[in-house]
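The values are calculated or read from the model by the stated rules, or taken from the named source; none is laboratory data. Computed from a prediction, not measured in an experiment: that's the story for all the values here. So basically every Cβ, Gly included, is an ideal-geometry build from the backbone, and we count neighbours across all protein chains shown.
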Amino acid sequence: MFVVLLTYTAPIEEIDYVLPDHADWLTKQYGHGNFLASGRRNPRIGGVIITRPMARGKLDAILATDPFSIKHMATYEVIEFSPTRTAPELRAINEAVVR
């Protein structure tokens, strides 16, 4: 699984202009089953995405289609981790992790 930390590289006024496109992109990723959670960082310097298990190359390809990426308005730090414990509600996801 991955945690993705987005950091804005453009002024917040420009981010706000592209935010509806980014929100549509997020909706599509949830529809494809790629993401588990997402939201703004606090303070508002970027965002966080938690993904379902997938190959790193697939994640990189997905992130490349984010409007913030296309317009060079954010950087992405990708943190890979292997969950060894989860809440009961997430056991099915944990079992999907390739060991």
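Here are some notes:
- Single unsatisfied condition, Q29 versus (1) surrounded by 11 or more Cβ atoms within 10 Å (Cβ to Cβ); (2) of a type outside the set (A, V, I, L, M, F, W, C); (3) in a strand (DSSP E or B): (3)
- The single condition from (1) aliphatic (A, V, I, L, M); (2) in a helix (DSSP H, G or I); (3) modelled with pLDDT of 95 or more that L6 fails is (2).
- Inside the stretch 15-45, residues that are in contact with a Lys or Arg (Cβ under 8 Å, 6 or more places away or on another chain) and under 20 Å from I79 (Cβ atoms) make up a count of 3.
- Of all residues in the stretch 55-67, those being surrounded by 16 or more Cβ atoms within 10 Å (Cβ to Cβ) and under 12 Å from the mean Cα position of the chain (by Cα) number 4.
- Evaluation of M73 against the conditions (1) surrounded by 13 or more Cβ atoms within 10 Å (Cβ to Cβ); (2) more than 20 Å from V18 (Cβ to Cβ); (3) not small (G, A, S) shows that the sole unmet condition is (2).
- Boolean, L19 is of a type in the set (A, V, I, L, M, F, W, C), in a helix (DSSP H, G or I) and in contact with a strand residue (DSSP E or B) (Cβ under 7 Å, 6 or more places away or on another chain): no
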